[in-house]
Amino acid sequence: MYTFDWLDKRQKLSPNKIALVDVKANRQWTYKQFNERASRFGEFIRDEWRIKKGERIAILAYNSSNYMEVLYGCAKVGVILVCLNWRLAIPELEYIIKDCTPRSLIYDLDFKKAAYALKENDSLEKLMVFSDIASKGEWIYEHALANSSDKPIVMLPRKLDDIWHLLYTSGTTGRPKGVIQTFGMVFYNAVNIGLGSDLTSEDVTLNLLPFFHTGGLNLYTNPSIHVGATALILKSFEPSQTLKLLSEVATLMFAVPAVYRYLSQHPDFEKTDFSRMREWECGGEKIPLSLLNFYQDHGIIIKQGYGMTETGPTVFLIDKEHAISKRGSVGKPMMHVEVRCVDSNGNDLSPGQRGELLIRGPGVTSGYWNQPEKTVEVIDKNGWLHSGDVVEFDEDYYYYIVDRIKDMYISGGENVYPAEIEHILDQLPQINEVAVIGTSDEKWGEVGKVIAVLKPEEELTEEEIIEFLQGKIAHYKIPKSVEFVDQLPRNQAGKILKTVLRKKFGS
């Protein structure tokens, strides 16, 4: 099977429809203009830079319409784009550059220091900047486009396993891994999430997660282009700006729980009119039930979903009809994905039993760049990706994410899943955020420790927290200690970094 040039198709089907709105730059492009600019960039890297099909270029930049032009321009000429995480330190970025050896780097002016440090790597030949000012020897992005012809490039049909771009994992359990993103992954994700959200050309999607993350590119920027919708692009998340756009322009948003929490605590939230919004979605990690309840009390139903960088990302998304009755569930698997819940021996489990989530389908990555040994550790010979997540499903086949396998600890011979405890503690009105980790214990092997962030001007003691859990969960699951902190460490996707907490508080 093949996939085709979405952008070329769209500029023929709806040339004058607004495709991209770059909020920070205060500009917008129609599908015809978007296609022309992506073609100009593709022509430039092919003819001026002489970058061949299968070679890499890297980008270190905030979200923008330029970013999407680069992505689709690379697709048109078969060049692989490496989406660099601008939150990483220079040594971490240097590791990625050495791993995937891009020939050129495009960067935002804010990241000039990092760009010039990375330029010292042997593979990088040229720099291009998203700015009107460039240093000697650099290319200015708009000049490059101006020096290209206005003849659109139509991407040749791509096999579904052809590589479009690389997204590097955060590396919380070791060195970052370049997750291969194929054309098939992007296509099937657009179909899966499009069906799950009833996405149409009439929608205006708000895209605020960073484009170096699968949630930024694929929830919903790329799916918006697939159906001919309009994608609002935010440089980065800012609560007041986001509330304004949700009130005046957007119809659909996907965000992580931290975003929903920030919005709920903003002073403008209560006076914001959300009547334009028809779809609210959340993923990245489990959203606290108290936050779901808060939004429900304001007439907003948040649909929880689940996915991974390795799965394109969409695997689950709950339907709106059951978002309340099946509260806490991520729903059923989407149309073009297959899942299993298995025990440690690979046997399929029944409703109510907990096991590892396995995922298979055309939206699953073909592997990790330059790391075949890591690929076979995660994807078995039958094509099942082992997620590392513990799940269970009910009699109606609605799935629930229990916890990460690596976050589970064993206390007195019993498995304890921190997420179960966190879910209960989140019901305490004084708590803003909470995490539970296992710590070593001479008698029980491991016991739980609560790491809590209190809401401003609230007070709570260790004894009150532990007492709150009594009678709500088994005694062996109740943590033995509490640590109060100002904030919880998170990665670029908004997920709490349990590895950091275990290193600091786990002894």
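The values are calculated or read from the model by the stated rules, or taken from the named source; none is laboratory data. What you see is a predicted model; the values in this text were computed from it and never measured. Every residue, glycine as well, gets a Cβ built from its backbone with ideal geometry; the counts of neighbours run over all protein chains shown.
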- Exactly one of 451, 401, 465 is assigned to a helix (DSSP H, G or I), buried (at least 17 other Cβ atoms within 10 Å of the Cβ) and at pLDDT 90 or above, and that residue is 465
- Query: Of the residues that sit in the stretch 413-442 and are surrounded by 15 or more Cβ atoms within 10 Å (Cβ to Cβ), among the small types (Gly, Ala, Ser) and out of contact with any Phe, Trp or Tyr (no Cβ under 7 Å at 6 or more places or on another chain), which one is modelled with the highest pLDDT?
  - Reply: 435
- For the stretch 380-398, enumerate the residues that are in a strand (DSSP E or B), more than 10 Å from residue 358 (Cα to Cα) and of a type in the set (D, E, K, R). 392
- Within the stretch 403-414, identify whether any single residue is within 20 Å of residue 482 (Cα to Cα), touching a residue at least 60 places away in the same chain (Cβ under 8 Å) and not hydroxyl-bearing (Ser, Thr, Tyr), and answer yes or no. yes
- Restricting attention to the stretch 404-418, which residues are over 19 Å from residue 505 (Cα atoms) and either part of a loop (DSSP other than H, G, I, E, B) or of a type in the set (S, T, N, Q) (or both)? 412, 413, 415
- Output the residue which, of all residues in the stretch 308-331 that are assigned to a strand (DSSP E or B) and either among the polar types (S, T, N, Q) or at positive phi (or both), is surrounded by the most Cβ atoms within 10 Å (Cβ to Cβ). 314
- Would you confirm whether any residue within the stretch 280-294 is farther than 26 Å from residue 194 by Cα and in a loop (DSSP other than H, G, I, E, B)? no
- Message: With the structure loaded, tell me whether residue 261 is among the basic types (Lys, Arg), assigned to a loop (DSSP other than H, G, I, E, B) and surrounded by fewer than 21 Cβ atoms within 10 Å (Cβ to Cβ) or whether it fails that test.
- Response: no
- Message: Take the residues in the stretch 370-402 that are in contact (Cβ under 8 Å) with a residue 40 or more places away in the chain and hydrophobic (A, V, I, L, M, F, W, C); name whichever of them is farthest from residue 303 (Cα to Cα).
- Response: 378
- Item | When residues of the stretch 419-434 are limited to those that are assigned to a helix (DSSP H, G or I) and not β-branched (Val, Ile, Thr), the one farthest from residue 405 (Cα to Cα) | 425
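Table: residues versus (1) over 23 Å from residue 235 (Cα atoms); (2) under 27 Å from the mean Cα position of the chain (by Cα); (3) surrounded by 14 or more Cβ atoms within 10 Å (Cβ to Cβ).
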site	(1), (2), (3)
101	yes, yes, yes
105	no, yes, yes
108	no, yes, yes
112	no, yes, yes
119	yes, no, yes
123	yes, no, yes
129	no, yes, yes
134	no, no, yes
137	yes, no, no
